[in-house]
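Just so it is clear, none of the values below were taken in a lab; they were calculated from the coordinates. Everything quoted here is computed from the prediction, not taken from an experiment. Quick reminder, even Gly has a Cβ in these numbers, built from the backbone with ideal geometry, and neighbours come from all protein chains shown.
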Amino acid sequence: MNEKWTTANIPDQRGRVAVVTGANTGLGYETAKALAERGASVVLAVRDVEKGEQAAARMTGDVTVQALDLTSIESVRTAAAALRSRLDRIDLLINNAGVMYTPKRTTRDGFETQFGTNHLGHFALTGLLLDLMLPVPGSRVVTVSSTGHRIRAAIHFDDLQWERSYGRVAAYGQSKLANLMFTYELQRRLAAHGTTVAVAAHPGMSSTELARNSPAALRLPLTWLAPLITQTPAMGALPTLRAAVDPAVRGGQYYGPGGRNEIKGHPRLVTSSPKSHEEAVQQRLWTVSEDLTGVRFPVARPRQDPFPSGSALAM
């Protein structure tokens with residue numbers, strides 16, 4: 001694999017349709033911009049339509065905007081219905097939008113904000129759009145996780161919404177661990193179809209607005225160290241782009257920066273925590289997510305393990 005993979009490696013995307021969540025700023029903006037420049041028809045799925053339109057105006061190519069508020073399952077359903085009415089296929093669904101280290105609050109549906117936005121909103125959106133992807137050879141669902149999936153991270157089934165106690169770092173870790181578990185379980189279900197695959201990526205330490213809610217103890221040191229330990233949003237978007245378009249990518253893989261500790265650098269294949277590969281937890285999280293969102297996927301879990309020894313998900 002080319003360890004210096006850049007946007008110059010993106011194959012021609014003409015004729016392909018990409019939906020990118022949170023694409024009006026930061027990593028999502030850079031991801032959408034690069035795909036549009038290579039010829040894809042790109043939909044910016046954003047909460048603030050006005051900001052989305054401003055972002056689209058700064059891009060070249062076929063770029064449109066769709067309202068999407070991941071903190072509301074009703075909004076997710078409305079957005080999915082609108083996309084289904086205007087699109088006959090989706091080649092790339094990039095679950096990029098997210099929040100990090102927010103103060104304790106809930107979504108419109110009563111979910112803890114980070115878990116509800118980062119995981120449940122994207123889980124629902126994917127389930128509602130997946131049948132537009134299944135007939136499309138080479139289609140991919142790319143979900144953006146984080147190195148935060150290793151930090152104080154677990155799926156707290158006894159208190160998923162952090163109603164008893166709340167730790168913003170641990171809650172973020174739970175949501176990003178959920179992103180990976182969702183990807184691996186989705187790939188397990190997609191494997192039998194042979195067309196769509198599920199892949200994950202993380203941006204390392206990128207200079208975006210995402211860290212604005214960081215605890216005060218972290219915010220000042222990060223400000224001082226930022227020039228040394230962070231990379232631009234354009235560089236941070238490369239793992240997502242590689243996961244989305246590199247012909248060598250296989251379902252169930254995970255891409256991140258290739259530098260030391262995956263903080264920065266050109267994208268390469270990386271590994272996630274052993275906890276993210278706990279199959280029983282993946283299955284339970286899937287069932288709970290279906291119950292919480294009311295969304296059922298058009299792909300069932302296979303009776304036999306589709307990942308024999310040596311496959312992307314065999315650990």
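Sequentially through region 111-126, phi angles give Karplus couplings (6.51, -1.76, 1.60; θ = phi - 60°) of 8, 4, 4, 5, 5, x, 7, 5, 9, 5, x, 6, 4, 5, 4, 4 Hz, Gly and Pro residues having no value and appearing as x. Neighbours of His202 by Cβ distance under 13 Å: Lys/Arg scored +1, Asp/Glu scored -1, total +4. With the charge dipole of the chain set up from +1 on Lys and Arg Cβ and -1 on Asp and Glu Cβ about the Cα centre, the Cα lying farthest toward the positive end among the listed residues Ala300, Val142, Ala79 is that of Val142. Under the simplified labelling scheme, the Ala192-Asp48 pair shows an inter-label distance of 4.4 nm, with each label point 7 Å from Cα along Cα→Cβ. A simple count of charges around Asp131, restricted to other residues whose Cβ falls under 11 Å of its Cβ and scoring Lys, Arg +1 and Asp, Glu -1, yields +2. In a fully extended conformation the segment linking Thr102 and Ser165 would gain 21.3 nm over its present Cα-Cα distance, using 0.36 nm per residue. Here the Karplus relation 6.51 cos²θ - 1.76 cosθ + 1.60, evaluated at θ = phi - 60°, turns the backbone of region 132-147 into coupling constants of 7, 9, 4, x, 9, x, x, 6, 9, 9, 10, 10, 8, 9, 6, 4 Hz, with x for every Gly and Pro.
A cut-off of 5 Å between modelled amide H atoms, ignoring neighbours fewer than 5 places along the same chain, links His266 with Gly258, Gly259.
Remark on Ser206: its backbone amide H falls under 5 Å from those of Gln231, a criterion applied only to residues 5 or more positions apart or on other chains, H modelled at 1.01 Å from N.
Over all orientations, region 1-144 has a Cα convex hull whose mean projected area works out to 9.1 square nanometres. If you take all C-alpha pairs in region 8-292, what percent of them are over 23 Å apart? That tail contains 49 percent of the Cα-Cα pairs. Along the chain, the longest continuous region that contains none of the GluC sites (Glu not before Pro) in a DSSP loop with at most 15 other C-beta atoms within 10 Å is 4-162. If you add up the charges near Asp91, with Lys and Arg at +1 and Asp and Glu at -1, over every other residue whose beta carbon is less than 9 angstrom from its beta carbon, what do you get? Overall, the nearby charge balance is +3. Computed about the Cα centre, the dipole magnitude for the chain is approximately 440 debye when only Lys and Arg (+1) and Asp and Glu (-1) carry charge, each at its Cβ. Working note: 222 nm ellipticity from helices only, DSSP H runs with n ≥ 4, each -39,500 (n - 2.57), summed and divided by the residues of the chain, gives -10500 deg cm²/dmol to the nearest 500.
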